[in-house]
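Written out below as C-alpha coordinates is the structure these notes cover.
The values are calculated or read from the model by the stated rules, or taken from the named source; none is laboratory data. Quantities reported herein were computed from a predicted structural model and do not represent experimental measurements. Note: ideal-geometry Cβ built from the backbone for every residue, glycine included; neighbour counts use all protein chains shown. Note: accessible area is taken over every heavy atom of the protein model, side chains too, but ligands, DNA and RNA are not part of it. Shrake-Rupley method; radii C 1.70, N 1.55, O 1.52, S 1.80 Å.
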Amino acid sequence: MKSKRNVLLVNTLISIGLAAAIFVIIGVVFDASCNGNLQMTNYSFSKMAAGVLATGLGFGLPTVIYGNENMSLPIQTLIHMGIGCVVMIITAFLVGWIPTEKGALAIIVTIVVEIVIAFAIWLFFYAHQKRLAKKMNKRISERNQ
(Lines give C-alpha, C1' and ligand atoms only; values in the text may rest on other atoms or scores of the structure.)
Protein backbone atom coordinates (compact mmCIF):
# COMPACT_ATOMS: atom_id res chain seq x y z
CA MET A 1 0.00 0.00 0.00
CA LYS A 2 1.26 3.46 -0.88
CA SER A 3 2.14 5.81 1.90
CA LYS A 4 0.42 9.20 2.09
CA ARG A 5 3.71 10.90 1.29
CA ASN A 6 4.18 8.82 -1.88
CA VAL A 7 0.60 9.51 -3.00
CA LEU A 8 1.12 13.23 -2.42
CA LEU A 9 4.40 13.16 -4.35
CA VAL A 10 2.84 11.28 -7.28
CA ASN A 11 -0.21 13.58 -7.34
CA THR A 12 2.01 16.66 -7.27
CA LEU A 13 4.27 15.37 -10.03
CA ILE A 14 1.23 14.52 -12.15
CA SER A 15 -0.15 18.03 -11.56
CA ILE A 16 3.14 19.66 -12.54
CA GLY A 17 3.34 17.41 -15.61
CA LEU A 18 -0.19 18.28 -16.69
CA ALA A 19 0.45 21.99 -16.18
CA ALA A 20 3.63 21.70 -18.26
CA ALA A 21 1.87 19.74 -21.02
CA ILE A 22 -0.95 22.28 -21.21
CA PHE A 23 1.61 25.11 -21.27
CA VAL A 24 3.49 23.50 -24.16
CA ILE A 25 0.31 22.78 -26.16
CA ILE A 26 -0.96 26.33 -25.70
CA GLY A 27 2.50 27.67 -26.54
CA VAL A 28 2.53 25.73 -29.81
CA VAL A 29 -0.96 27.04 -30.67
CA PHE A 30 0.10 30.63 -29.96
CA ASP A 31 3.33 30.15 -31.94
CA ALA A 32 1.35 28.80 -34.90
CA SER A 33 -1.13 31.68 -34.66
CA CYS A 34 1.83 34.09 -34.78
CA ASN A 35 3.19 32.34 -37.89
CA GLY A 36 6.24 31.14 -35.98
CA ASN A 37 7.08 34.58 -34.66
CA LEU A 38 6.06 34.22 -31.01
CA GLN A 39 8.46 36.44 -29.11
CA MET A 40 9.10 36.71 -25.40
CA THR A 41 11.13 39.38 -23.66
CA ASN A 42 12.11 40.28 -20.11
CA TYR A 43 12.35 36.66 -18.97
CA SER A 44 8.74 35.97 -20.00
CA PHE A 45 9.45 32.30 -20.69
CA SER A 46 11.26 31.84 -17.36
CA LYS A 47 8.41 33.53 -15.50
CA MET A 48 5.89 31.32 -17.27
CA ALA A 49 7.93 28.18 -16.53
CA ALA A 50 7.96 29.16 -12.85
CA GLY A 51 4.21 29.77 -13.17
CA VAL A 52 3.75 26.23 -14.48
CA LEU A 53 5.53 24.87 -11.39
CA ALA A 54 3.47 27.08 -9.07
CA THR A 55 0.23 26.01 -10.75
CA GLY A 56 1.22 22.35 -10.59
CA LEU A 57 2.03 22.69 -6.90
CA GLY A 58 -1.18 24.66 -6.32
CA PHE A 59 -3.25 21.76 -7.61
CA GLY A 60 -0.99 18.89 -6.54
CA LEU A 61 -0.25 19.63 -2.89
CA PRO A 62 -3.90 20.16 -1.83
CA THR A 63 -4.75 16.62 -2.98
CA VAL A 64 -3.63 15.58 0.50
CA ILE A 65 -7.16 16.61 1.58
CA TYR A 66 -8.62 13.52 -0.07
CA GLY A 67 -6.95 11.41 2.62
CA ASN A 68 -9.21 12.96 5.27
CA GLU A 69 -12.10 10.54 5.55
CA ASN A 70 -13.94 12.83 7.98
CA MET A 71 -14.79 15.26 5.17
CA SER A 72 -17.31 14.73 2.41
CA LEU A 73 -16.12 14.60 -1.20
CA PRO A 74 -17.76 17.95 -2.08
CA ILE A 75 -15.90 19.69 0.78
CA GLN A 76 -12.63 17.98 -0.17
CA THR A 77 -13.15 19.03 -3.79
CA LEU A 78 -14.00 22.60 -2.79
CA ILE A 79 -10.80 22.88 -0.73
CA HIS A 80 -8.60 21.20 -3.36
CA MET A 81 -9.98 23.04 -6.37
CA GLY A 82 -10.40 26.30 -4.47
CA ILE A 83 -6.73 26.40 -3.53
CA GLY A 84 -5.65 25.24 -6.98
CA CYS A 85 -7.79 27.76 -8.86
CA VAL A 86 -6.74 30.66 -6.61
CA VAL A 87 -3.06 29.79 -7.09
CA MET A 88 -3.60 29.38 -10.85
CA ILE A 89 -5.40 32.71 -11.25
CA ILE A 90 -2.90 34.68 -9.16
CA THR A 91 -0.06 33.02 -11.07
CA ALA A 92 -1.78 33.75 -14.39
CA PHE A 93 -1.94 37.45 -13.55
CA LEU A 94 1.68 37.52 -12.37
CA VAL A 95 3.22 35.78 -15.39
CA GLY A 96 1.05 37.34 -18.09
CA TRP A 97 -1.29 34.52 -19.06
CA ILE A 98 -4.26 36.83 -18.59
CA PRO A 99 -4.50 39.54 -21.26
CA THR A 100 -5.13 42.49 -18.96
CA GLU A 101 -4.42 44.95 -21.79
CA LYS A 102 -7.42 43.64 -23.78
CA GLY A 103 -10.07 44.64 -21.26
CA ALA A 104 -12.44 43.12 -18.73
CA LEU A 105 -14.17 40.71 -21.11
CA ALA A 106 -10.89 39.12 -22.18
CA ILE A 107 -9.84 38.82 -18.53
CA ILE A 108 -13.13 37.16 -17.53
CA VAL A 109 -13.16 34.80 -20.52
CA THR A 110 -9.58 33.73 -19.84
CA ILE A 111 -10.27 33.06 -16.17
CA VAL A 112 -13.44 31.11 -16.98
CA VAL A 113 -11.61 29.01 -19.59
CA GLU A 114 -8.81 28.27 -17.10
CA ILE A 115 -11.30 27.19 -14.44
CA VAL A 116 -13.27 25.05 -16.91
CA ILE A 117 -10.05 23.29 -17.97
CA ALA A 118 -9.11 22.73 -14.32
CA PHE A 119 -12.49 21.18 -13.52
CA ALA A 120 -12.43 19.07 -16.69
CA ILE A 121 -9.12 17.61 -15.56
CA TRP A 122 -10.52 17.05 -12.06
CA LEU A 123 -13.58 15.32 -13.55
CA PHE A 124 -11.37 13.04 -15.66
CA PHE A 125 -9.39 11.94 -12.59
CA TYR A 126 -12.57 11.57 -10.52
CA ALA A 127 -14.15 9.32 -13.17
CA HIS A 128 -10.93 7.29 -13.41
CA GLN A 129 -10.75 6.77 -9.64
CA LYS A 130 -14.45 5.89 -9.49
CA ARG A 131 -14.02 3.25 -12.24
CA LEU A 132 -10.99 1.88 -10.43
CA ALA A 133 -12.87 1.64 -7.12
CA LYS A 134 -15.81 -0.07 -8.83
CA LYS A 135 -13.47 -2.59 -10.45
CA MET A 136 -11.75 -3.27 -7.12
CA ASN A 137 -15.07 -3.69 -5.30
CA LYS A 138 -16.24 -6.12 -7.97
CA ARG A 139 -13.11 -8.22 -7.60
CA ILE A 140 -13.46 -8.24 -3.82
CA SER A 141 -17.08 -9.34 -4.01
CA GLU A 142 -16.16 -12.06 -6.54
CA ARG A 143 -13.48 -13.41 -4.21
CA ASN A 144 -15.87 -13.41 -1.26
CA GLN A 145 -18.42 -15.54 -3.07
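In the chain, helical runs assigned H by DSSP with n ≥ 4 each contribute -39500 (n - 2.57); averaged across all residues and rounded to the nearest 500, the mean residue ellipticity at 222 nm is -27500 deg cm²/dmol. Report the relative contact order of segment 1-61, percent, no decimals, based on alpha-carbon pairs under 8 angstrom and at least 6 residues apart. It rounds to 63 percent for segment 1-61.
Computed over every Cα-Cα pair of segment 48-139 and binned at 10 Å starting from 0, the pair-distance distribution P(r) comes out as 15, 40, 28, 12, 4, 0 percent. Within the accessible surface of the chain, defined with a 1.4 Å probe on protein heavy atoms only, the carbon and sulfur portion equals 69 percent. Entry comment: accessible area of the chain is 72 Å² per residue, from protein heavy atoms only and a probe of 1.4 Å.
Dipole of the chain computed with +1 at Lys/Arg Cβ and -1 at Asp/Glu Cβ about the Cα centre; of 140, 77, 11, farthest Cα towards the positive end is 140. Spatial offset of segment 79-113 relative to segment 1-73 amounts to 14 Å, using the alpha carbon center of each. Averaging over all projection directions, the Cα-based convex hull of segment 1-90 occupies 7.1 nm² in the image plane. Considering only alpha-carbon pairs that sit under 8 angstrom and 6 or more positions apart, the relative contact order computed for the chain is 22 percent.
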